[in-house]
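K.L.:
Okay, handing you the structure first.
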Amino acid sequence: MVTLRLQWDAHQIYGHFKPPSTHAVHPANLLMQAPEITRPASSLSAYWLRIATVWTYIPFRWYWLSSSTQSVAQATQFLVIGWLVLEISGSSAQLGLVIFMYGVPNVSFLLVAGVVADRFDRRYILITTQAAVGGVIVALAVLEIAGLVATWHIYIASALLGVIQSLNMPARMTMIADLVEERSILDAVAMQNAATHAGRIVGPPIAGVIIEVWGVGAGLAAIAACYVVSIACVAKIGHTSQSTPSRDRSPFRNFADGISYIKNNPVVLTVIVITCAFGGFGMSHMQVVPAMAKDVLGSGSAGVGLLFLGSGIGSFVGSLLLPAMGRAHVYRALLLSLLLFVLFLSLFAWSTWFWVTWAFFLLVGVTGVGMVWPLATTIIQVESSAEVRGRVMGILQLTPGFHYLGAFPLALAAGQWGWGVAITGAAGLSLAVTLWFALARGGAPKLRPQTTEAI
């Protein structure tokens, strides 16, 4: 079969399991081995078999449970804190400042976080950072219940959360490759992504009920409890295949090595650039959807909630579709997902009917966060060497942070030319970077015809 393929050997990366080694295997690595699997009779059975294979890795099960509970906590975190800000100040500007206080350190410390993820045991990083986040949340809960909380407390808490959670994410995403075989990385990333979006769907409604019945303090306590459960799950993971950290070089040298690695690897460089453009331009609308819905659709808070529900459902569905994808076609699937994302986002920007807008926003969720992000993560996990994977993932994690930085200029453009022009223009910039950096420029990864065995 003749297909367009990257010059890097995707078949080797995503190919069949190798026969078990005849050499002795360390007991800590026994859980990392998966059984030899024969080819299923149908694509549907292949899909379920790939998902089932991921769940044969016991450490990954604990990792997934940890990610699920952390996702519920993070999805509700700013809903509860935002409500607390509004209760105290009644000012949307104060709420925006709280988000800004979180976003700036979150983006700034990601460069450090990648080095930390490579130099230390990632399990301990997750346990430490989640315990610290839980402590900050508990402090806010105590102040709120005691009636002592002030706006400046929330500013400090938000900045601390930004720093701590920036250290958490590169370690968490890089850890996937420590828990499963290379063959299962795409499927494991899809399951982890599904857990994240399930948290976006389930968490906020539950938090809303808790706030209504018991108050904001109880909502904060529930978030802290989620982090405690997540810590317990990480503690059950046990030993992983993470390579022994090397600390014979300074952190600054480690960081420089990571940047050099990215620069000299055309696949990694291309994926990071187009994904960061996707975050800074394409996904900047996520922070200003309430304003866009109010101005264009005349929607209130309930309508905005429905739009975000649609986005969450779409992202969840997109994650579930990934295991049906051929492993040899991940890079092309990333480019196709970016193109479809730009199309659906542009249609979303110009729609003036609520349910049509809702449907397009769902499709934006499917192709954007549901597919672009996990596909990019998978390529980085597989293409990066184990020694620098944390640093490379730290750079990729700038993508979510760029959502915050892109929202302000997008809102300014909307005030000048309208939401349709502003969001379509942002989508066009994301598309332009993708077409240039991934296809047109001289150093882009080359696509060429290649005959391969179907996977």
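K.L.:
Tell me the residue from 310, 305, 279, 298 that is of a type outside the set (A, V, I, L, M, F, W, C) and touching a Leu at 6+ places or on another chain (Cβ under 7 Å), please. Before you say what the answer is, go through the steps one by one.
P.N.:
Details: 305 fails: touching a Leu at 6+ places or on another chain (Cβ under 7 Å); 279 fails: touching a Leu at 6+ places or on another chain (Cβ under 7 Å); 298 fails: touching a Leu at 6+ places or on another chain (Cβ under 7 Å).
Just one listed residue meets the conditions, 310.
K.L.:
In addition: Quick test of your reading of the structure: residue 205 fulfils all but one of (1) surrounded by fewer than 24 Cβ atoms within 10 Å (Cβ to Cβ); (2) more than 27 Å from residue 372 (Cβ to Cβ). Name the failing condition by number.
P.N.:
Result: residue 205 fails condition (2) only.
K.L.:
Now for a separate question. Out of 111, 126, 148, I need the residue that is farther than 30 Å from residue 261 by Cβ and not β-branched (Val, Ile, Thr). Which one?
P.N.:
Of the residues listed, the single one that is farther than 30 Å from residue 261 by Cβ and not β-branched (Val, Ile, Thr) is 148.
K.L.:
Another question about this same structure. Please give the helices (runs of 4 or more DSSP H) falling wholly within the range 41-142 in which 3 or more residues are under 17 Å from residue 195 (Cα atoms).
P.N.:
43-54, 58-89
K.L.:
While we're on this one: Restricting attention to the range 139-148, does a residue exist that is of a type in the set (D, E, K, R) and either surrounded by fewer than 21 Cβ atoms within 10 Å (Cβ to Cβ) or within 19 Å of the chain's Cα centre (by Cα) (or both)?
P.N.:
no
K.L.:
Next question. Taking the condition in contact with a helix residue (DSSP H, G or I) (Cβ under 9 Å, 6 or more places away or on another chain) and closer than 24 Å to residue 186 by Cβ, does residue 420 pass?
P.N.:
Considered against the rule, which asks whether it is in contact with a helix residue (DSSP H, G or I) (Cβ under 9 Å, 6 or more places away or on another chain) and closer than 24 Å to residue 186 by Cβ, residue 420 comes out as no.
K.L.:
Is it true that some residue in the range 382-394 is surrounded by fewer than 24 Cβ atoms within 10 Å (Cβ to Cβ) and assigned to a helix (DSSP H, G or I)?
P.N.:
Yes; the residues of the range 382-394 include at least one that is surrounded by fewer than 24 Cβ atoms within 10 Å (Cβ to Cβ) and assigned to a helix (DSSP H, G or I).
K.L.:
Out of 198, 190, I need the residue that is surrounded by fewer than 24 Cβ atoms within 10 Å (Cβ to Cβ), under 30 Å from residue 362 (Cα atoms) and in contact (Cβ under 8 Å) with a residue 24 or more places away in the chain. Which one?
P.N.:
Only one candidate passes the filter, namely 198.
K.L.:
Is it true that residue 291 is modelled with pLDDT of 80 or more and assigned to a helix (DSSP H, G or I)?
P.N.:
no
K.L.:
Here's something else I'd like to know. Which of the residues belonging to the range 203-217 are part of a helix (DSSP H, G or I) and either on the phi > 0 side of the Ramachandran plot or free of Cβ contacts under 8 Å to residues at least 24 places away in the same chain (or both)?
P.N.:
205, 209, 210, 212, 213, 214
K.L.:
Looking at 243, 346, which is the one that is modelled with pLDDT under 85 and of a type in the set (Ser, Thr, Tyr)? Step through it out loud before you land on a result.
P.N.:
Details: 346 fails: modelled with pLDDT under 85.
Testing whether each residue is modelled with pLDDT under 85 and of a type in the set (Ser, Thr, Tyr) leaves just 243.
K.L.:
Which of (1) farther than 17 Å from residue 430 by Cβ; (2) aliphatic (A, V, I, L, M); (3) touching a residue at least 12 places away in the same chain (Cβ under 8 Å) is the odd one out, the single condition residue 356 does not satisfy?
P.N.:
(3)
K.L.:
Then there is this: For residue 154, indicate whether it is assigned to a helix (DSSP H, G or I), outside the structural domain of residue 388 (by TED's automatic domain parsing), surrounded by 23 or more Cβ atoms within 10 Å (Cβ to Cβ) and in contact (Cβ under 8 Å) with a residue 24 or more places away in the chain.
P.N.:
In short, yes.
K.L.:
Mind checking which residues of the range 82-103 are touching a residue at least 60 places away in the same chain (Cβ under 8 Å) and in contact with a Gly (Cβ under 9 Å, 6 or more places away or on another chain)?
P.N.:
83, 84, 98, 99, 101, 102, 103
The values are calculated or read from the model by the stated rules, or taken from the named source; none is laboratory data. In this text, all values refer to a predicted model and were calculated from it rather than measured experimentally. Here the Cβ is made from the backbone with ideal geometry for all residues, glycine too, and neighbour counts use every protein chain on show.
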